[in-house]
Amino acid sequence: MRVSVRWLGWLLILVIAVACGPATPRAAQDGQGGAAPAGREPPRTLSVAIRVEPSTLGVRQLRQAGVGLYLPSRAFNAQIALLDPSASPRPYLVEDLPRLNTESWRLFPDGRMETTYRFRPNITWHDGTPLTAEDLVFSWRVYATPGLGLSGSAPFNAIEEVVAADPRTAVIRWRQPYPDTAFTAGLNVEFPPLPRHILERALHPDQLETFANLPFWTREYVGLGPYRLDRWEAGAFLEGVAFDGHLGGRPRIERIKLLFISDANTALANLLAGEVHLTDGTSIGLPEVAILKREWIGRTGSVVLHPNQWRAAHFQNRPDLATPRTILDPRVRKALAHAVDKGPLNESLYDGDGIYADSVMPPMSIWGPAAERGAARYPFDLRRSEQLMSEAGFARGPDGYASPGEGRFSAEVRTNSAADNEAEVSILASGWRQTGFDMQEAILPSAQAQNPEARATFSALFTYSQNLGESALLGLSSASIPRAENRWAGANRDGWSNAEYDRLLQVFTTSLVRDEREQMVTQMVRVLTDEVHAISLFFRAQPWAYVNALRGPQLVPPEANMSWNLPEWELR
């Protein structure tokens, strides 16, 4: 996979946008590249501000999280492969990735296929136990267990079985072709090994809730990553220490401390005071970056904007929860979409540099051009908005829209607690009210941000960010809807379901023909946007701010993890 020239140019613009500032003084430049001044020991602990306390340190979460935390996942885990800055997969736990029409990736006449993964030698878990192929077999048992909520999600819904050919060789037998075995939506992140020697005795069909809530997933976590969990102070911070047995070698930074700071202003204050060396993309927003531009960037540190989130106002699609029920009417949804003026949001929240979104797929993505061909667009158009409400049976009066059968239109728009989120929902609601829609604002407290049931059971609209691109398309299947029955696991929090979309997704996830997959992306995006399953707003760039003493962070494509090369970072 290769990144387009358009994407590379866009990345350059993002870097330049935040790098502009006063020139770095000579002394500061020398301090970056040389040894620490005499009498001063170089800092040995990297302090990072993250927005919420992790609900788990696992890669594939049995408890659905509300906020994606990329650095903790990378720090304590190792995956089959990693995406590098060119968006190409690099083998990590394995010696090589499957290659089609070789012994490592075989197709059979009946439509099944088989892929083989050979683990690198001498890999150990953080407790010193060797990693074996049986750990991947056990991981399959866990994720294929229906009661844990992930068996219907990719790639588990396509796997027939996993077997260990020998201690270092795992063979995955697929019930259907699956094209993403070596890429970001496939096995490198979505199917991590699990330590069988720790968890197997606790996996019982009648005790799945207990299994999912074991302290192993948090304060007793044992992984394969560059850092080993050393300390966890609930509500405050967690610390990791460099793992001597890491397969890529011991990390260059001795310790990493993740501070749970939910307030962006507090995170910014800690960064300015030197108490924090890095913000992980979740703890501060673009308003704080505007403050850093004045004096901090260049002189003290740098900021990289990583555009890896799709920001949208999501509609509730569960009929038993949708209030008012007219929110289920596509005409009402389109009317609300046409009544959103993104300009004030862009100026207020993104300093005019916002990246407008028409769907879940960014134009610079590998599937971007195909998505652009299918996306229905809803420009700011109040005449069209009023026309659509009229078609839905509503007339606009002095008190807003009302219909004889449904009464006055009134709905709630909710968001997660954070300064930029709250500003966004305030602007949205105000704009809707001015155009005849009675909208009330509601804030989900930070304490509930990681509660999957609270995230899924809103009444009308919820503005939030989620993954973009191919992983977002996979997460919008009917099988990915969170429910009480699957412990609210799944990325499709809105409860949106469409049989035609599921059919197209099935073709997309089984075809090995690039042109056919592109056609499926075009059609899937058309279905999504025609039904207005959500009002696309922006592709939100997450700010990674770091001091000049930290060397290593670099901009990567939306699908990749900014901390992919964490073991190579240096703090001087």
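Distant-in-sequence amide contacts of Q440, defined by a placed amide H-H separation under 5 Å and a gap of 5 or more residues or a different chain, comprise A411, E412, V413. Counting only DSSP beta bridges with both residues in the chain, the antiparallel share comes to about 75 percent.
Computed from backbone phi with θ = phi - 60° and the Karplus coefficients 6.51, -1.76 and 1.60, the 3J(HN,Hα) list for segment 193-206 is x, 10, x, 4, 5, 9, 9, 4, 5, 8, 8, 10, x, 9 Hz; x is used for glycine and proline. The residues packed around L46, meaning those with a beta-carbon under 9 Å from its beta-carbon, carry a net charge of +2 if Lys and Arg are +1 and Asp and Glu are -1. Entry note, the chain: relative contact order of 22 percent, from Cα contacts under 8 Å with a spacing of 6+ residues.
Tell me the label only: which of [x] 42, 32, 22; [y] 40, 31, 25; [z] 37, 32, 22 is semi-axes √(5λ) of the Cα gyration tensor in Å as calculated from this structure? The value computed from this structure is option [z]. Rounded if a/c is under 1.5, else prolate if a/b is larger than b/c, else oblate: which is segment 252-299, with a ≥ b ≥ c the root eigenvalues of its Cα gyration tensor? Since a/c reaches 1.5 but b/c is at least a/b, the shape of segment 252-299 is classed as oblate.
Quick one: net charge of S417's neighbours, Cβ under 15 Å, K/R +1, D/E -1? Its environment carries a net charge of -3. Rounded to the nearest 500, what is the chain's calculated 222 nm mean residue ellipticity when only DSSP H runs of at least 4 contribute -39500 (n - 2.57) each, over all residues? The per-residue figure over the chain is -8000 deg cm²/dmol. As a test, work out the antiparallel percent of DSSP beta bridges whose residues both lie in segment 308-540, rounded to the nearest 5. Looking only at bridges with both residues in segment 308-540, the antiparallel portion is about 65 percent. Taking amide H as placed 1.01 Å from N in the peptide plane, the amide H of D280 sits under 5 Å from that of A49, each at least 5 places away or on another chain. Taking a ≥ b ≥ c as the square roots of the Cα gyration tensor eigenvalues, segment 78-212 comes out oblate, since a/c reaches at least 1.5 and a/b does not exceed b/c. For segment 396-423, the residues whose backbone nitrogen is under 16 Å from a point 7 Å from the Cα of R433, taken along Cα to Cβ, are 398-401, 409-415, 422-423. A simple rule links phi to the HN-Hα coupling: the Karplus curve 6.51 cos²θ - 1.76 cosθ + 1.60 with θ = phi - 60°, which for segment 93-104 gives 6, 10, 6, 7, 9, x, 10, 4, 6, 10, 5, 7 Hz, with x for Gly and Pro. Computed 3J(HN,Hα) for segment 76-88, one whole-Hz value per residue from the Karplus formula 6.51 cos²θ - 1.76 cosθ + 1.60 where θ = phi - 60°, is 10, 9, 10, 10, 4, 8, 10, 8, 8, x, 9, 6, 9, glycine and proline marked x.
Given +1 at the Cβ of Lys and Arg, -1 at the Cβ of Asp and Glu and no other charges, the dipole of the chain around its Cα centre is 660 debye to the nearest 20. Under the shape rule built on the C-alpha gyration tensor, where the axes satisfy a ≥ b ≥ c, segment 308-540 is rounded, since a/c falls short of 1.5. Extension gain for Q506 to N213 (0.36 nm times residue separation, less C-alpha to C-alpha distance): 102.3 nm. Taking amide H as placed 1.01 Å from N in the peptide plane, the amide H of R483 sits under 5 Å from that of W488, A489, each at least 5 places away or on another chain.
Each value in this text was obtained by applying a stated rule to the coordinates, not by laboratory testing. It should be emphasised that the depicted structure is a prediction, and the values quoted were computed from it without experimental measurement. Here Cβ is always computed from backbone atoms with ideal geometry, including for glycine, and neighbour counts include all displayed protein chains.
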